[in-house]
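Remarks on the structure that follows.
The values are calculated or read from the model by the stated rules, or taken from the named source; none is laboratory data. These figures come from a predicted structure and were not determined experimentally. For neighbour counting, all protein chains shown are included, and Cβ atoms are generated from backbone atoms with ideal geometry for every residue, glycine included.
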Amino acid sequence: MKKLKLILFSVFLFLSFYNLSISFEQIISGKASVLDGDTIKINKKKIRLFGIDAPEKNQFCKKSYLTFLIFNFQKDYPCGKYSTLALTNKLKGKNIRCILEDNKDKYNRNIGTCFVGKKDINSWLVKNGHAIAYKRYSKKYIIEEKHAKENKLGIWRGSFIKPEKWRRIMK
């Protein structure tokens, strides 16, 4: 009986440490470098921000510069660079913590929700119009997108092609 208890205790201990090690692998933290408006790198690991899609680095959008009666004059601007810059400024010098999803994207990047303190960075990007809710994969940031659209923030100040569609066109 004593031997059985020792074996069961050993198995329990092993499984406890096994689960603990898995949970540590689910979180990455540290200083981040920004690759584009929805991808960062921490400790040499690329992380695609979950549930959002930002304009690509070389993508242009249109914004109004003059409205007269029924006429709305727009000009191109580098919205992909703006999105990347906004994320860079938000994360600069700060410790970032990302909670990773169980799966990876087609480019083998980790997928995660990232935080500065308790602030959800993915949410912040969408709410300020630097990215859109990636509804194909998640409904999590729809309210933030609605806020940005109603308040004409970021890319919602003008017109744009959704990043996913833009990538298909540019292939």
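What about residue 38, is it buried (at least 17 other Cβ atoms within 10 Å of the Cβ), at pLDDT 95 or above, of a type outside the set (Lys, Arg) and out of contact with any Phe, Trp or Tyr (no Cβ under 6 Å at 6 or more places or on another chain)? When the stated conditions are applied, residue 38 passes them. Pairs meeting the criteria (first residue in the range 142-164 and farther than 20 Å from residue 39 by Cα and in contact (Cβ under 8 Å) with a residue 24 or more places away in the chain, second residue aliphatic (A, V, I, L, M) and part of a helix (DSSP H, G or I), beta carbons under 9 Å, at least 6 apart or on different chains) are 156/148. For the range 89-100, does any single residue satisfy the condition of being in a strand (DSSP E or B), surrounded by fewer than 18 Cβ atoms within 10 Å (Cβ to Cβ) and of a type in the set (A, V, I, L, M, F, W, C)? Yes, the range 89-100 contains at least one residue that is in a strand (DSSP E or B), surrounded by fewer than 18 Cβ atoms within 10 Å (Cβ to Cβ) and of a type in the set (A, V, I, L, M, F, W, C). Of the residues making up the range 118-171, those that are in a helix (DSSP H, G or I) and of a type in the set (D, E, K, R) are 127, 144, 145, 146, 149, 150, 157, 164, 165, 167, 168. Based on what the data block shows, is residue 107 among the hydroxyl-bearing types (Ser, Thr, Tyr), outside any strand (DSSP E or B), at pLDDT below 95 and surrounded by fewer than 18 Cβ atoms within 10 Å (Cβ to Cβ)? In short, yes. Filtering the range 69-80 for residues that are out of contact with any Leu (no Cβ under 6 Å at 6 or more places or on another chain), without any contact (Cβ under 8 Å) to a residue 24 or more places away in the chain, among the charged types (D, E, K, R) and under 18 Å from residue 55 (Cα atoms) leaves a non-empty set. Among the residues that make up the range 119-133, is at least one of them closer than 16 Å to residue 35 by Cα and free of Cβ contacts under 8 Å to residues at least 40 places away in the same chain? Within the range 119-133 (the criterion being closer than 16 Å to residue 35 by Cα and free of Cβ contacts under 8 Å to residues at least 40 places away in the same chain), the answer is no, since none of the residues qualifies. For the range 62-81, the count of residues that are within 15 Å of the chain's Cα centre (by Cα) and surrounded by fewer than 15 Cβ atoms within 10 Å (Cβ to Cβ) is zero.
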